[in-house]
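Student: First the structure, then my questions, so here it is.
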Amino acid sequence: MDWFDTWWTGIQDKFYLCFIEDDRYTLLINGIGITIKVSIFAVVLGLVIGFLIASCNLSKNRFFNLIGKVYTDVIRGTPSVTQLMIVYFVIFGQFLSFVNWDKWIIAGIAFSINSGAYMSEIIRAGILSIDKGQTEAGRSLGLNGRQTMFNIVIPQALKNIFPAMCNEFITLIKETAIVGYVGLVDIQKAGDFIKSTTYEAFMPLIGTAIIYFVIIKVLTIALGRVENALRKSDHR
Amino acid sequence: MIRIKNLHKSFNDLEVLSGIDEQINDGEVVVVIGPSGSGKSTFLRCLNLLETPDSGEIYVDDEQINSKDADVNRIRQKMGMVFQHFNLFPHLTVMGNITLAPVKLKKMTKEEAVATGNELLEIVGLAEKADSYPAQLSGGQKQRIAIARSLAMKPEIMLFDEPTSALDPEMVGEVLDVMKNLAKSGMTMVVVTHEMGFAREVATRVLFMDEGKILEKGTPDEIFDNPQNERTRQFLSKVL
């Protein structure tokens with residue numbers, strides 16, 4: 001079994017080289033922190049933007065319709081890496097250069113602008129999926145439009161929206177792997193650093209993939225639990 | 001009391017209501033009958049402004065409800081509406097459905113609303129369903145809950161838009177029974193229905209509508225036993 005020992009020793013050496021030597025694992029740990037911070041920030045702000053843009057698109061006001069339509073058109077029609085670089089280098093680099101926010105916040109804003117467009121379409125479709133009779137029942141009881149929307153339509157829409165929204169969260173987390181373009185060291189960039197200092201491709205890149213996979217798997221399980229709770233009223 | 005003056009309503013080019021004049025007094029049970037597409041549902045939906053009339057005036061207790069500065073939401077609180085397809089809120093329990101509006105509109109505290117809810121569930125015969133979700137109920141049960149939900153706002157007038165049309169035949173009776181008891185209690189009711197038996201037994205007045213007009217009105221005996229209008233006779237000969 002000499003070949004096995006040789007192979008196993010090789011793996012161990014490479015693992016040591018890539019992750020242990022010079023404490024290189026700390027790069028990845030810090031990278032996980034960046035990825036999570038950017039993602040959470042972008043999800044929260046993205047939901048706000050998504051809700052606002054969906055309201056614009058659902059509004060009866062033509063001006064708001066136009067804003068919503070242009071926004072979704074522009075965001076969907078351009079690559080997210082271009083958007084990220086425009087937000088970072090043009091908007092915060094030139095126009096708002098006096099603003100001294102952390103890089104990860106600016107990246108989070110860029111991703112929320114992007115994700116907000118997709119979320120708005122999910123929210124819009126979810127709200128439209130609720131039967132008009134629900135609104136009529138609410139209004140006929142004397143609730144105003146806002147009360148009907150928030151107490152009757154949106155709670156039901158959320159349940160329909162949820163699976164598509166989970167998808168969007170997951171896409172968003174993976175999308176943040178481009179933050180290296182603006183000098184942030186996330187999981188992807190950390191793996192890339194290790195690759196270029198050690199001249200090893202296998203360990204750092206597979207390691208990067210595994211970390212993303214685990215994060216998303218944990219998230220999927222957690223969101224699945226939430227969805228089950230939301231479906232409570234469907235059980236017969 | 002509801003007064004309707006020269007009510008007109010069109011959808012695109014189709015004139016659905018072409019000049020309705022009517023007065024519905026307190027305590028009356030007015031049943032509106034007529035063929036499909038005659039405008040009876042639209043007429044009913046205009047009464048609580050789920051449809052906006054193109055022209056004409058509607059007064060509830062001498063307040064014009066389709067004027068620009070009428071407080072539609074407050075007026076609707078005085079008028080309960082029961083729909084053909086129940087429109088219960090599927091994400092809320094039966095009790096949640098009943099208490100939502102009274103609590104949100106600050107008409108009652110949560111405790112008062114639950115107490116009222118329990119009384120109403122008793123009246124519609126579904127006291128044990130308070131914690132069920134709509135998906136767990138039969139059609140007839142859903143409609144009885146929908147009636148209880150409207151009554152929770154303590155309305156002065158109840159509007160029924162074909163309340164039994166979406167029900168299995170064997171469930172029609174239980175809903176009509178609730179409505180009969182409601183009529184007996186003195187509630188002002190406007191009912192659009194195809195249940196001629198109900199009209200004959202419970203109505204104080206029957207309106208026959210066709211092509212957007214009220215063609216004939218009278219007591220159930222007058223309409224069913226001695227109709228004057230040719231269209232009324234044709235219609236009744238087909239449905240009775």
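The values are calculated or read from the model by the stated rules, or taken from the named source; none is laboratory data. Please read these numbers as outputs of a predicted model, since none were measured by experiment. Note that each Cβ is placed from the backbone with ideal geometry, even for glycine, and that neighbours are counted across all protein chains shown. Accessible surface is based on the protein model in full, side chains and every heavy atom, while ligands, DNA and RNA are left aside. Shrake-Rupley method; radii C 1.70, N 1.55, O 1.52, S 1.80 Å.
Student: Do we find that residue A:157 is surrounded by 13 or more Cβ atoms within 10 Å (Cβ to Cβ), over 30 Å from residue B:157 (Cβ atoms) and within 14 Å of chain B (Cβ to nearest Cβ) in this structure?
Tutor: Taking the combined requirement at face value, the residue satisfies it.
Student: Quick check on my filter: what residues within the stretch A:125-138 are out of contact with any Leu (no Cβ under 7 Å at 6 or more places or on another chain) and among the charged types (D, E, K, R)?
Tutor: Those that are out of contact with any Leu (no Cβ under 7 Å at 6 or more places or on another chain) and among the charged types (D, E, K, R): A:131, A:132.
Student: While we're here: Looking only at the stretch A:79-94, count how many residues are aromatic (Phe, Trp, Tyr) and either outside any helix (DSSP H, G or I) or without any contact (Cβ under 8 Å) to a residue 12 or more places away in the chain (or both).
Tutor: Count: 0.
Student: Additional query: Whether any residue in the stretch A:95-115 is at pLDDT 95 or above, assigned to a helix (DSSP H, G or I) and within 14 Å of chain B (Cβ to nearest Cβ) is what I want to check.
Tutor: No: the stretch A:95-115 contains no residue that is at pLDDT 95 or above, assigned to a helix (DSSP H, G or I) and within 14 Å of chain B (Cβ to nearest Cβ).
Student: A further question follows. Somewhere in the stretch B:131-146, is a residue assigned to a loop (DSSP other than H, G, I, E, B), at positive phi and touching a residue at least 40 places away in the same chain (Cβ under 8 Å)?
Tutor: no
Student: Now for a separate question. Residue by residue through the stretch B:116-128, note down the ones that are open to solvent by 50 Å² or more (accessible area, probe 1.4 Å) and either aliphatic (A, V, I, L, M) or within 14 Å of chain A (Cβ to nearest Cβ) (or both).
Tutor: Residue satisfying the conditions is B:123 alone.
Student: Any idea how many residues of the stretch A:160-179 are of a type in the set (A, V, I, L, M) and within 14 Å of another protein chain (Cβ to nearest Cβ)?
Tutor: 1
Residues are listed down the side, and each one gets a yes or a no for (1) exposed (fewer than 13 other Cβ atoms within 10 Å of the Cβ); (2) more than 28 Å from residue A:154 (Cβ to Cβ); (3) acidic (Asp, Glu); (4) touching a Pro at 6+ places or on another chain (Cβ under 8 Å):
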residue	(1), (2), (3), (4)
A:33	no, yes, no, no
A:45	no, no, no, no
A:52	no, no, no, no
A:66	yes, no, no, no
A:71	no, no, no, no
A:116	no, no, no, no
A:126	no, no, no, no
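Student: Which residues, taken from the stretch A:182-236, are outside any helix (DSSP H, G or I) and free of Cβ contacts under 8 Å to residues at least 24 places away in the same chain?
Tutor: Passing the criteria: A:199, A:201, A:235, A:236.
Student: Suppose we filter B:150, B:138, B:185, B:132 for residues that are open to solvent by 40 Å² or more (accessible area, probe 1.4 Å), small (Gly, Ala, Ser) and either within 13 Å of chain A (Cβ to nearest Cβ) or farther than 17 Å from residue A:140 by Cβ (or both); which single one remains?
Tutor: Of the residues listed, the single one that is open to solvent by 40 Å² or more (accessible area, probe 1.4 Å), small (Gly, Ala, Ser) and either within 13 Å of chain A (Cβ to nearest Cβ) or farther than 17 Å from residue A:140 by Cβ (or both) is B:185.
Student: Name, by its number, the condition in (1) more than 21 Å from the chain's Cα centre (by Cα); (2) over 20 Å from residue B:147 (Cβ atoms); (3) in a helix (DSSP H, G or I) that does not hold for residue B:74.
Tutor: All conditions are met except number (1).
For every residue, the table says whether it meets (1) open to solvent by less than 40 Å² (accessible area, probe 1.4 Å); (2) assigned to a strand (DSSP E or B); (3) at pLDDT below 95; (4) at positive phi.
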residue: B:19; (1), (2), (3), (4): yes, yes, yes, yes
residue: B:43; (1), (2), (3), (4): yes, no, no, no
residue: B:70; (1), (2), (3), (4): yes, no, yes, no
residue: B:87; (1), (2), (3), (4): yes, no, no, yes
residue: B:91; (1), (2), (3), (4): yes, no, yes, no
residue: B:96; (1), (2), (3), (4): yes, no, no, no
residue: B:99; (1), (2), (3), (4): yes, no, no, no
residue: B:102; (1), (2), (3), (4): yes, no, no, no
residue: B:108; (1), (2), (3), (4): yes, no, yes, no
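Student: So residue B:166 fits all but one of (1) part of a loop (DSSP other than H, G, I, E, B); (2) more than 12 Å from chain A (Cβ to nearest Cβ); (3) touching a residue at least 40 places away in the same chain (Cβ under 8 Å); what number is the exception?
Tutor: Failing condition for residue B:166: (2).
Student: Among the residues of the stretch B:188-216, what is the count of those that are assigned to a helix (DSSP H, G or I), under 24 Å from residue B:126 (Cβ atoms) and open to solvent by 10 Å² or more (accessible area, probe 1.4 Å)?
Tutor: The qualifying residues number 3.
Student: Here is a check on your reading of the model: is residue A:152 at pLDDT below 95, touching a helix residue (DSSP H, G or I) at 6+ places or on another chain (Cβ under 7 Å), among the aliphatic types (A, V, I, L, M) and crowded, with 17+ Cβ neighbours inside 10 Å?
Tutor: When the stated conditions are applied, residue A:152 does not pass them.
Student: Scan the stretch A:137-152 and report the pairs whose first residue is within 7 Å of another protein chain (Cβ to nearest Cβ) and whose second residue is among the charged types (D, E, K, R) and surrounded by fewer than 24 Cβ atoms within 10 Å (Cβ to Cβ), with Cβ atoms within less than 6 Å and a gap of 6+ or a chain change.
Tutor: So the pair list comes out as A:147/B:104.
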